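Below: one structure, written as C-alpha cells.
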Amino acid sequence: MHENPEGVPAGAQPPTPAPTPTRVDTPAQPQASAPPALPAAMHPGPESPAQPQAQLPAQSQAPQPQAAPSAYAYPAPQPAAGYGPPTGPVPAQPNPYGQPAAWPPPAAQPGTGAAGRAVLFTVLGALVASAAWAGGVFLLGWGGGGPEADLRGYEAKANLCSSVDYSNMKTEYPEEDTAPVHNGFKHEALDESYCSISLKKSSTSSYSDAYFSVTMDLHKKTDPAAEFTAMWSEYDQRYEDYDVEKITGFGDEAYLVTEDTTAGDDKSGSRAVILAVRDGWMTYQMSWSAYGTSYDDYEMPDVDDVVQWVRDDTESTLENLASN
C-alpha cells in the first residue's frame, strides 16, 4: 500500500500536475492527441512519472486544449488527411475547365526589337510594291480590261465567199462553183469567217480538180502575234514534205508554205500552196491543194504558178475585206 502525504485524507488522490508547453524549432506537423486521462481508481500514485505530452507548433503561442477525459483506453483516432488548419500557403489551383485564370489573354504588344522592325519593314515593302503596281496599271492603261484590239478596219463577213477574189485561178479552173460553202461565227473574243470553193477545169469533171479555201479570224481580246509566228514559221515540223518561207508585202507578217510530192514524169502525189498573213490582230490564210494519180488525164499546175496566183488573189481579197 502507498502512504498518503501529510494533510491528505486517506483515500484521496493528489492532483496531476498540468503539462507545460514546450517550444521547438522544427516545422509544425500534425501531432497525435494526448491519451485520455485514466479514471481515478486507476491513476498512479505521486511516485509515478508524468506522461510525455504532445509538442506545440513553433508558430503557435497558445497551448492546445486538452482532450476531455474518456473511458476509452486507447489513443483517439487521427484526423483524415486534408482536414485541419493548413501547414503552409495554399497553391493556386488550376481552372477546372482548362482555361487560364485570365481569359481572354491580353493582346500581344507590338515588338520593338529586331523581329518587330522586320515585320514592320515587310508590311511597308508590300504597301510600296502594291502602290507601284497600281501606278503602272494606271499609266499603261491595263486597268480597263486590256489593250484595245488592233483590227485594222477588217470586218467578219457572214458570207466570206462574196468578198474572195480568185480570178487568177479561173484561168486554170474556168468552171464556176455554183454552191460554194461558207460559214463563221461571232464572239466577244473572236470572229471567224470561212469560204470553200470547188475548182474544176470543165463541167464534165465528176469531182473537184483542186480544193481552194480562205479563212479570216479577228482576234478581239488577245494579240495573236506570238501564236501566229509559232504556227506558221514552224509548219514544216508537222509535215516533213512542206517548205516554209517568210515573205514581205502582206500585213505585219506573212509565210508562204508549199508542198510537192511528185517526181519527174510521175504525176501521182500531192501539191499544195498556203499563204498566211497577220495584219494587226487579224489573221488570214488562202489555201490551194490538188492530188493526182498516174491514171488521171488531168495534169496539175506547177507549184510556182500557183504561188503567184495565190499572192495576187490574196492582195485583192484583203483589200475587199478591209474596205467593206
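A compact table of results
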item	result
Selection from T261, S289, H219, by position along the positive dipole direction of the stretch 219-293 (Cβ)	H219
Nitroxide proxy distance, nm - points 7 Å out along Cα→Cβ at K170 and K246	3.6
Gain in span if fully extended, E315 to A225, counting 0.36 nm per residue against the direct Cα distance	30.4 nm
Equivalent ellipsoid dimensions for the stretch 202-313 as semi-axes, Å, which come from the Cα gyration tensor, largest first	29, 15, 12
Contact order normalised by residue count of the stretch 179-324, Cα under 8 Å, 6+ apart, percent	18
Extension gain (nm, one decimal) between T261 and D297, 0.36 nm per residue minus Cα-Cα	11.1 nm
Separation in nanometres of the label points that stand 7 Å from Cα toward Cβ, at N183 and N159	1.8
Listed residue pairs exceeding 30 Å between alpha carbons, taken from K157/K246; K157/K267; K200/K220	K157/K267; K200/K220
Label point distance in nm, Y239-S202, each placed 7 Å from Cα along Cα→Cβ	2.9
Sorted by Cβ neighbour density within 10 Å, fewest at the top, the residues H182, H219	H182, H219
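Rule-based calculations on the coordinates, nothing more; no lab input. Keep in mind that this is a model prediction, so the values were computed, not measured. No Cβ is skipped: glycine too gets one built from the backbone with ideal geometry, and neighbour counts run over all protein chains shown.
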